[in-house]
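The values are calculated or read from the model by the stated rules, or taken from the named source; none is laboratory data. Here the structure is a predicted model, which is why all the values come from computation and not from measurement. Ideal geometry is used to build each Cβ from the backbone, glycine not excepted, and the neighbour counts take in all protein chains shown. Accessible surface is based on the protein model in full, side chains and every heavy atom, while ligands, DNA and RNA are left aside. Shrake-Rupley method; radii C 1.70, N 1.55, O 1.52, S 1.80 Å.
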Amino acid sequence: MPRKYIRKTETRYKIEDLRRAVEEVKNKRLTLGKAAAQFSIPKTTLFKQLKETVVKTPKKGRYAVFNYEQEQQLEKYIIECCKSFYGITPSSLRRIAFRFAEANKLKHNFNKSTQLAGKDWYYGFMARHPSISLRMPEATSLNRITAFNATEVNLFFDQLKMIQTKHNIPSHRIFNVDETGISTVQKNYKVLAPKGLKQIGKATSEERGVTTTVVCAVSASGIYVPPMFIFKRKRMNELLVKGCNNDMVATVSDSGWINESIFIDYLRHFISFVKPTKEDPVLLILDNHEIHISLGAYELCQNSLGEHGLHVVSLPPHVSHKMQPLDLTIFSSLKMAYNKECELYMVNNPGKRISQYEVGELFTKAFNKTANISKAISGFRAAGIYPIDPDRFKDSFECSLYDQTDISQTQTSGISEATTAQNLAGPVDTAKLNQTPPMQISQDTTITSIPENDKDVSVTTVSTPVSSTHVPLSKVTNMPVIPHTRTTSTRQNKKHAQILSSSPLKTQLEEKQKRQSTRNYKKEKSPTKKTEKKKVQKKKKDKEIKILKKVVGGNENDEEYFCIICNDKYESPPTEDCIMCSICELWAHEQCTTGETNKGFVCDLCHGIKL
């Protein structure tokens with residue numbers, strides 16, 4: 001039987017005939033057999049419908065393995081696992097279904113050798129539950145999972161509300177700034193090719209591209225600040241901004257990434273564009289990266305706060321995937337448009353590579369296409385920043401991975417008295433990540449586990465004695481839980497959301513800069529063992545060369561030159577027919593030697609000297 005069966009014949013009766021037959025039998029005008037023969041309805045179907053209060057269309061095909069309540073338990077388990085960042089795969093669902101059916105002693109036609117439910121059951125289950133779909137998850141680190149908690153998020157929104165209550169900043173003066181990286185090697189998409197071809201190639205600029213950082217900023221009303229490009233170079237070239245918008249700026253760095261000094265330059269560019277004033281202040285929201293929190297940036301913001309009115313608030317650490325408007329709605333579509341522009345450039349210019357000189361023009365084309373107002377408004381709304389909506393993430397906090405019975409009070413610094421009573425997400429014990437809490441099971445119950453070679457979510461199965469009651473899914477498998485470890489140490493280096501333009505931050509930044517200056521000073525004054533070893537080797541080499549010159553050439557201060565092979569004398573430095581040894585710097589006829597190598601010429605007398 002095909003997986004998607006299409007009926008080729010019509011049924012012998014309709015639902016109206018079935019209702020009339022049931023009515024005739026209930027009113028005792030016809031017997032069951034005569035009604036079945038008159039309306040062409042099977043006796044068994046008519047007999048079952050007589051027991052029902054409402055006449056429904058009979059279900060065709062075999063009966064389902066699980067009833068409605070059991071399938072609802074499976075659906076709820078799938079949704080909870082997804083919200084807990086440990087979503088299950090189709091193969092894992094089929095394995096759980098097999099264990100669930102075995103635990104309840106249900107009649108099924110699943111494969112007992114592989115201990116998996118069939119694919120037909122999986123497709124039928126997905127069709128019966130349209131609220132579930134197969135999606136590609138985004139990789140989320142444990143730092144992001146643990147840092148996104150109610151305490152940190154509420155602290156940020158409290159600071160945001162405080163600034164809004166005091167200054168009442170409108171949407172077109174609330175900005176978000178962030179950096180992203182683009183490469184000279186584009187990401188390829190699917191192409192048309194001959195059917196059956198196994199390997200299909202497509203031209204790219206290089207094996208590994210050069211990364212260029214782009215700093216973008218956007219307001220809650222859809223105003224885009226001209227981006228800044230940061231190229232991986234030593235010197236700036238005007239050709240790098242060829243094809244860019246006139247108000248876009250560019251700079252260079254050794255790594256191609258932003259640093260503290262470049263971020264200060266961008267802040268000056270930002271202030272010159274938005275022009276904040278005391279009467280019309282600006283709120284800038286950015287992530288909690290170290291380059292954004294420096295003494296130079298603080299002094300610039302503090303001066304701007306006094307002269308212009310620039311307020312800066314940082315997000316909690318590791319929450320940009322949930323609360324950064326640029327990451328939520330803009331950067332993904334911007335990079336996709338940039339990749340399409342790069343792909344179009346490679347197709348229209350066969351044999352030509354994408355260099356740093358084309359990056360600005362290609363990015364500008366993508367930026368002009370994707371930078372629209374609706375994306376910016378949607379990003380700030382999704383982050384709950386404008387309009388301010390701290391309850392937007394309430395459901396995410398309720399679906400926490402942590403075992404709520406084991407949350408310990410964590411001491412933190414820099415949090416107000418109103419928030420210290422709440423619990424912060426503490427460190428995660430990664431060694432116990434995949435462990436599940438023990439289950440309370442009776443003595444008659446035996447536990448079996450899925451084989452270790454299955455890489456899906458760990459599932460514990462329960463075999464119970466034959467009973468009239470159903471075994472719930474919670475007895476078959478448990479939700480994945482990260483155990484919350486208790487700790488007594490104080491995490492003084494833990495960062496939180498803070499107002500970067502506030503005065504108390506200055507003391508911390510001054511101490512940080514002082515510690516960094518002390519480390520750099522000690523590093524310069526105390527040379528490493530490797531440096532000392534190089535100095536000793538250089539002194540030894542210079543001494544050997546000096547002795548060699550005296551032996552071969554006589555007086556080392558003499559301006560006379562001799563061939564070290566045939567000992568012919570030269571009155572002036574030879575130029576054309578002689579070559580100089582790269583170690584002793586003495587000359588020899590080219591005809592007297594074997595010539596230069598890829599490492600230069602080394603005479604026979606210097607072969608024993610170690611470089």
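Some points to look at:
- Residues with amide H under 5 Å from that of Val312, placed H, sequence gap 5 or more: Leu284, Leu500, Ser501
- Met336 accessible area, 1.4 Å probe, all protein chains in place, Å² to nearest 10: 100 Å²
- Segment 1-38: GluC sites (Glu not before Pro) falling in loop per DSSP and having at most 14 other Cβ within 10 Å: Glu10
- D (Stokes-Einstein, µm²/s), Kirkwood Cα radius, segment 143-236, 1.002 mPa s at 20 °C: 117 µm²/s
- In segment 189-242, GluC sites (Glu not before Pro) in a DSSP loop with at most 16 other beta-carbon atoms within 10 Å: Glu206, Glu207
- Ordered from largest to smallest accessible area (heavy atoms of protein chains, 1.4 Å probe), the residues Tyr266, Tyr345, Tyr357 come out as Tyr357, Tyr345, Tyr266.
- Gyration tensor verdict on segment 142-183 (Cα atoms; rounded if a/c is under 1.5, prolate if a/b is larger than b/c, oblate otherwise): oblate
- Under-5 Å amide H pairs with Asn288, H placed in peptide plane, nonlocal only: Leu315, His318
- Isotropically averaged projected area of segment 199-253, using the convex hull of Cα atoms (one quarter of hull area), nm²: 6.3 nm²
- Listed residues His289, His167 arranged by accessible area, highest first, probe 1.4 Å: His289, His167
- Across segment 200-215, rounded Karplus estimates of 3J(HN,Hα) from the backbone phi angles (6.51 cos²θ - 1.76 cosθ + 1.60, θ = phi - 60°) give 10, x, 9, 5, 10, 5, 8, 5, 10, x, 9, 8, 10, 8, 10, 9 Hz, Gly and Pro being marked x.
- Of the three principal axes defined by the Cα atoms of segment 82-155, the extents in descending order read 54, 24, 19 Å.
- For segment 79-94, 3J(HN,Hα) per residue [Karplus equation, 6.51 cos²θ - 1.76 cosθ + 1.60, θ = phi - 60°, Hz, x = Gly/Pro]: 5, 5, 5, 5, 5, 8, 6, 10, x, 9, 8, x, 5, 5, 5, 5
- Area accessible to solvent at Met236, 1.4 Å probe radius, in Å²: 90 Å²
- Solvent-accessible surface (1.4 angstrom probe) belonging to Leu473, in square angstrom, nearest 10: 10 Å²
- Cα-based shape type of segment 82-228, given that a ≥ b ≥ c are square roots of the gyration tensor eigenvalues and the cut on a/c is 1.5: oblate
- Close amide H contacts of Leu116 (hydrogens built in the peptide plane, cut-off under 5 Å, sequence separation of 5 or more or a different chain): Asn111.
- For segment 285-354, the per residue solvent-accessible surface stands at 39 Å², with DNA, RNA and ligands left out and a 1.4 Å probe.
- Solvent-accessible surface ranking, highest first, for Lys161, Lys369, Lys198 at 1.4 angstrom: Lys198, Lys369, Lys161
- Leading residue at positive end of dipole, segment 278-387 (Cβ point charges), from Pro325, Tyr298, Leu284: Pro325
- C-alpha center-to-center spacing [segment 138-153, segment 229-275] in angstrom: 31 Å
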